[in-house]
Amino acid sequence: MIKTESFKLQPAPDWVDEYDWSEVKPSTSRQGINVYLSDTIINVCEPDTCHYYRQVEQALSTQALETIGHLNLTFNPFYQQLLIHKVALFRNGEAIWSAELEHFEILRREKDIERRVFDGCLTASLIIPGVRIGDIVDYSYCMIGSQPILRGKFDIKTRFSWGYCAARQRLMVILPKGKEVAMQLNNNAPEPQTQLNGETKILLWELENTQLEKFETSMPPGFDPSPSVSISDAKSWEQIADIFRPAYENAHELPVSLIEGAQAAKLDSKSEKDTILALLRFVQREVRYLAVSMGEGGLIPRNINEIWASRYGDCKDKSLLLTCLLRHFGIEASPALVDTVSREFVDAHPARVYAFNHCIVRAKIGDEIRYFDPTFPDQAGTWETITPPYYGKALPLIAQSQLEVIKVHPRPYVVEAVENWKIENLVNPKIHVEIQTFWRDYMADGARAKLKEDGLKALSDDYADFYDRQYRGAIRTKETQIIDRPEKNELEIIESYELTNGFTAATTGKLLNFLWRPEELLPDFMVTQTNERATPIDLGLGRRKSRTAIFALPKEHFSTAKNDKIESDGWRMECDWAVVTPFVLKIRNDFECEGKIIPPKKAQEFFDQLAKSDSLTGFSYSMPIYTSKTQSWFEENWFRIIWPFVIVAYIIAAIYTGN
């Protein structure tokens, strides 16, 4: 067991007004749990912000026993204290057990270790003994402390609906009287009661029988449909930038070996743009991503000498390193904060200290401002083709800072594929396909990173597995080729397969059917239709994709040329069928998305158009079952053989009847 002075068992503070839940009767359970009380009190009048939490829950099922019978509370011992006030077990209205300090185990569980992030957080774990169905667990605790760089600032966001229904929910925020704050109520959250008590002001919310949280697929980034309140004491985004800027502006003397390595990396640079890209790749390549965010490391970068000596760092470290190198070579640069979740919607809530979760670099040449992410893998491309960070808005750590829109270049076709299908023979037909795929922009970056990590064989096997599953058997007939064009930020992949079981017998037993569906369906929206959509639909990043399939067939296909288009709000789809010859058909699917947000009132129109597009994607081909070449020749040419006899018979009949 880990020992720490940051974990204690002691009574609740005097300012906590304990809620009496004895007369509360839950009306709705969720996952076998009755929640009698969910209580939160946030006191920012203390020397350091204190969060008090209390939960009263009852188990109604065996599965629920596993949930309420095991308590896990996570805290950061570098700047937080976890104070347990009580954990009590009630049966038939009587307290039959309460926790002591020695009942807890203190564990270190790095929850993001797979992402190479270490924050040093500890978990106080308690297994409550003897819990039975019908028992009630009542526990409360305080979490005290905040990151030193943020001490004296607060950023509160609390929701009024969760994955459970609470019979009673209370939120109390205790502020210094006269303290100016920005408060925003979201999604029809109720107004608070305001109480004055001496030198404090109390904002109070009391709710009964709260509703379940409601989430739908493809909501905008960071969008929370639950009623909530946001409270912050920050006056502007400029103030937020001023809090973090000093940590990146201390004088940094660059190690000689770092300068020498950077100088060699930019040796062939002919312009400032070339220098920026060369130094970006140098940092991406030479400093691996690893976040040791213990103590102040969660918000403050390490020293340049330490970063370079260890050759690892998180987003703050790598951004500081790239910024210092750019400045060393005379280029105006600064770190910038972004939120990779809410992206362009980061300012949907008031300015706040916890608004951001990532750090990148802003570079300026003349009037042109560009953003780069040094945590990306070693990127390819020129100034015009390198993949930009699609984070929407950024807060540069400069004087008089404001949020800036991250400008990106026009999106190319991120996927462009051509499939050449050839069906040979009428007897024992064989299906061959050769696929030529171009990956560009972020798709090329992803494929290139996977190629470096797993190798060509693993990537080739992944592609072959798709066709093997899709068509119930596929044999690679040529080695997969991958051609990298770094200056275009483009990867070309050439694959070749023979399908061993591409045809299926029709229900009549006299036909063979082949159904082609593209490797990636277009449109590529990952959204589930609901009867009454209540939240906006995020169409994702702006993108363009196309897939062309050319079919060489052993018999006439009798298809006709056609062109179908769907123009919908925020996206379009075009399917073009071209008859090259009676035996060759060409189908092109073209998709373009603007990256918009569709409001709920237009959701049904969106789903209708999406359903229409599904009917445009695919091709079905049928041919008779032939057992021999003679049979196949006769069945294909029987009319040519018989029609002369039919004419002769008609002439004889006419003569005989005298007509």
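The values are calculated or read from the model by the stated rules, or taken from the named source; none is laboratory data. Nothing here was measured: the structure is a model prediction, and the numbers come from that model. No Cβ is skipped: glycine too gets one built from the backbone with ideal geometry, and neighbour counts run over all protein chains shown. For accessibility, only protein heavy atoms count, side chains too; no ligands or nucleic acids. Shrake-Rupley method; radii C 1.70, N 1.55, O 1.52, S 1.80 Å.
A few comments on the model shown:
- Residue among Val408, Val361, Val341, Val415 that alone is among the aliphatic types (A, V, I, L, M), touching a Phe, Trp or Tyr at 6+ places or on another chain (Cβ under 8 Å) and under 20 Å from Gly298 (Cα atoms): Val361
- Single unsatisfied condition, Pro148 versus (1) in contact with a strand residue (DSSP E or B) (Cβ under 7 Å, 6 or more places away or on another chain); (2) open to solvent by 20 Å² or more (accessible area, probe 1.4 Å): (1)
- With respect to the conditions (1) touching a Lys or Arg at 6+ places or on another chain (Cβ under 7 Å); (2) farther than 17 Å from Gly261 by Cα, Asp314 falls short on a single one, namely (1).
- Pick from the range 427-443, criterion open to solvent by less than 40 Å² (accessible area, probe 1.4 Å) and outside any strand (DSSP E or B), ranking: nearest to Asn513 (Cα to Cα): Pro429
- Residue within the range 412-423 that is over 24 Å from the mean Cα position of the chain (by Cα), surrounded by 15 or more Cβ atoms within 10 Å (Cβ to Cβ) and closer than 30 Å to Arg343 by Cβ present: yes
- Strands (runs of 3 or more DSSP E) (entirely within the range 338-403) containing at least 3 residues that are open to solvent by less than 40 Å² (accessible area, probe 1.4 Å) and among the basic types (Lys, Arg): none
- Filter result (touching a Ser or Thr at 6+ places or on another chain (Cβ under 8 Å) and at negative phi) within the range 186-214: Asn186, Ala189, Lys201, Ile202, Leu203, Leu204, Thr210, Gln211, Leu212, Glu213, Lys214
- For the range 553-612, filtering for residues that are at positive phi and open to solvent by 70 Å² or more (accessible area, probe 1.4 Å) leaves 1.
- Arg517 touching a Leu at 6+ places or on another chain (Cβ under 8 Å), open to solvent by 50 Å² or more (accessible area, probe 1.4 Å) and either in contact (Cβ under 8 Å) with a residue 60 or more places away in the chain or not hydroxyl-bearing (Ser, Thr, Tyr) (or both): no
- Any chance Asn501 is of a type outside the set (A, V, I, L, M), in contact with a Gly (Cβ under 7 Å, 6 or more places away or on another chain), open to solvent by 30 Å² or more (accessible area, probe 1.4 Å) and at pLDDT below 90: yes
- If you go through the range 298-337 and pick out every residue that is part of a helix (DSSP H, G or I) and modelled with pLDDT under 90, you end up with 1.
- Screening Ile240 on (1) surrounded by 19 or more Cβ atoms within 10 Å (Cβ to Cβ); (2) under 30 Å from Asn187 (Cα atoms); (3) touching a Pro at 6+ places or on another chain (Cβ under 9 Å) shows it passes everything except condition (3).
- Cross-chain or 6+ apart pairs with Cβ under 9 Å, the range 20-38 first and at positive phi, then part of a strand (DSSP E or B) and buried (at least 16 other Cβ atoms within 10 Å of the Cβ): Gly32/Ala59
- Residue match in the range 557-564 (condition: among the charged types (D, E, K, R), within 21 Å of Pro221 (Cβ to Cβ) and touching a residue at least 40 places away in the same chain (Cβ under 8 Å)): no
- Restricting the range 450-487 to residues that are touching a residue at least 12 places away in the same chain (Cβ under 8 Å) and in a loop (DSSP other than H, G, I, E, B) leaves a set whose member that is most open to solvent (accessible area, probe 1.4 Å) is Glu479.
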